[in-house]
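These notes are about the structure you will find just below.
The values are calculated or read from the model by the stated rules, or taken from the named source; none is laboratory data. Remember, predicted model here, so these are calculated numbers, not experimental data. Heads up, the Cβs are rebuilt from the backbone with ideal geometry, glycines too, and the neighbour counts pull from every protein chain shown. We work out accessible area using only protein heavy atoms, side chains counted, and drop any ligands, DNA or RNA first. Shrake-Rupley method; radii C 1.70, N 1.55, O 1.52, S 1.80 Å.
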Amino acid sequence: MFPPVADADPDGPVVLGGDLEPGTLLAAYRAGLFPMPIGRRRLGWWSPDPRAVIPVGPPSVVDHSGLHVSRTLRRSMRGFTTTVDRDFETVMRRCGDPRRPHGWINEEFVQAYTRLHRMGWAHSVEVWSGRDLVGGVYGVSIGAFFAGESMFHRATDASKAALVELTSLFDEVDGALFDVQWLTPHLASLGAVEIPRDEYLRRLAVATEQPVEPF
């Protein structure tokens, strides 16, 4: 369905077009691709090289320090409660708030990923302050693989708290791979690292075949 990505452009889209049907999306993630719109009408499928990941899994096999949880963040987390898959669509819509800079999550994406969620392939972590939803993260899960798509916060450290909760679900999962696409200064400060695309593809093949379901 998709062209091989091993030798594809490391920065630009690998292919253009297609749709956001569940089978298309799942095939893309298994092939090392993810979708993002280009302009208003074109759909692009990307596979950056290098690829950003957050090291997860049992401490004995994690080859980096993993997610960084500062003392300040730990204090902030005491004021939050977290849930899993309680309000996926609202999390996604807040990630796609058009007031946010560089927003790309349009209604087509919301509908497509909400459908994946209802089928059990997409998941969210919600962060609450009392009854208020103040942060969250969502993505796609296949076996021991998780593709983090976006996160939001309306309270200091709320999105970081969501990420802490999410990565903790993989603490005992061998062969886990937590993909965050591109490395940003914010993600780097939390412990994300870059790996070559060929290594990413090898680890992806292992992770997606693991007979586990962290959620």
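Could you check how much of the accessible area of the stretch 121-215 is carbon and sulfur, as a whole percent, using a 1.4 Å probe? Show your work: numbers first, answer last.
Numbers: 1880 of 3670 Å².
The computed percentage sits at 51.
Solvent-accessible area per residue for the stretch 1-73 at a 1.4 Å probe radius, Å²? Let's see the in-between values first.
Values: 3810 Å² over 73 residues.
Here the per-residue accessible area is 52 Å².
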When only C-alpha pairs under 8 Å and at least 6 residues apart count, what is the relative contact order of the chain, in percent? 26 percent
Formal net charge of residues neighbouring residue 6 (Cβ-Cβ distance under 12 Å; K, R +1; D, E -1): -3
Specify whether the C-alpha gyration tensor of the stretch 1-71 places it in the rounded, prolate or oblate class, a ≥ b ≥ c being the square roots of the eigenvalues: rounded for a/c under 1.5, otherwise prolate if a/b is larger than b/c and oblate if not. prolate
Quick one: check the C-alpha center-to-center distance for the stretch 106-179 versus the stretch 186-205, whole angstrom. 18 Å
Could you tell me which of rounded, prolate or oblate describes the stretch 129-215, using a ≥ b ≥ c as the square roots of the eigenvalues of the alpha-carbon gyration tensor, with rounded for a/c under 1.5 and, failing that, prolate when a/b is larger than b/c and oblate otherwise? oblate
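Just how large is the dipole of the stretch 69-189 about the Cα centre, in debye to the nearest 20, putting +1 at every Lys and Arg Cβ and -1 at every Asp and Glu Cβ? If you can, show how the numbers build up before the last one.
Numbers: 14 positive and 15 negative charges, 115 e Å.
It comes to approximately 560 debye.
Normalised by the residues of the stretch 1-53, what does the relative contact order come to in percent, with Cα pairs under 8 Å and at least six apart? If you can, show how the numbers build up before the last one.
Values: 67 pairs, mean separation 22.5, N = 53.
Relative contact order of the stretch 1-53: 42 percent.
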Let me check against my output: what whole-number percent is the relative contact order of the stretch 114-215, with C-alpha pairs under 8 Å and at least 6 apart? 27 percent
Residue with peak Gaussian network fluctuation, the chain [Cα springs, cutoff 10 Å], from 82, 156, 72: 72
Of 22, 38, 55, which is farthest along the charge dipole of the stretch 14-57 in the positive direction, counting Lys and Arg as +1 and Asp and Glu as -1 at C-beta? 38
Determine the shape class of the chain: with a ≥ b ≥ c the square roots of the Cα gyration tensor eigenvalues, call it rounded for a/c under 1.5, and otherwise prolate if a/b is greater than b/c, oblate otherwise. oblate
When the charge dipole of the stretch 107-194 is computed with +1 at the Cβ of Lys and Arg and -1 at the Cβ of Asp and Glu, the Cα pointing farthest to the positive end, of 147, 114, 162, is that of 114
